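Enquirer: I have a structure I would like to understand better, so I am pasting it below and will then ask my questions one at a time.
Derivation of every value follows stated rules applied to the coordinates shown; laboratory data play no part. Values in this document were obtained by computation on a predicted structure and should not be read as measured data. Backbone-built Cβ (ideal geometry, glycine too); neighbour counts: all protein chains shown.
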Amino acid sequence: MDNLSELAQGLINFERENDLNDNEVAFGSHLSVERIHEIKSSNTPVTSEEVKLLQRFMQSK
């Protein structure tokens, strides 16, 4: 997990701690499931808007 971005690691830990799956995170953050997968794989850059959406969702739990 060392090669994952800080956001990806945080998202994976958040899902684990809150017993959520990618579909639930996608629905709650208003991002697509495919985009959640891409963010978690750290293969593509994340926009500031996506970061805001994810942070807002994670803070709401």
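Enquirer: Mind ordering 47-55, 21-29 by average Cβ neighbours within 10 Å, highest first? Spell out each step's value before the answer.
Expert: On the way: 47-55: 13.2, 21-29: 15.9.
Packing order, densest peptide first, comes out as 21-29, 47-55.
Enquirer: Among (1) 56, 5, 4; (2) 16, 13, 11; (3) 19, 12, 9, which is the computed semi-axes √(5λ) of the Cα gyration tensor in Å?
Expert: Of the listed options (1) 56, 5, 4; (2) 16, 13, 11; (3) 19, 12, 9, (2) comes from this structure.
Enquirer: Just want to confirm a number: the relative contact order over the chain, from Cα pairs under 8 angstrom separated by 6+ residues, in percent.
Expert: Computed over the chain, the figure is 36 percent.
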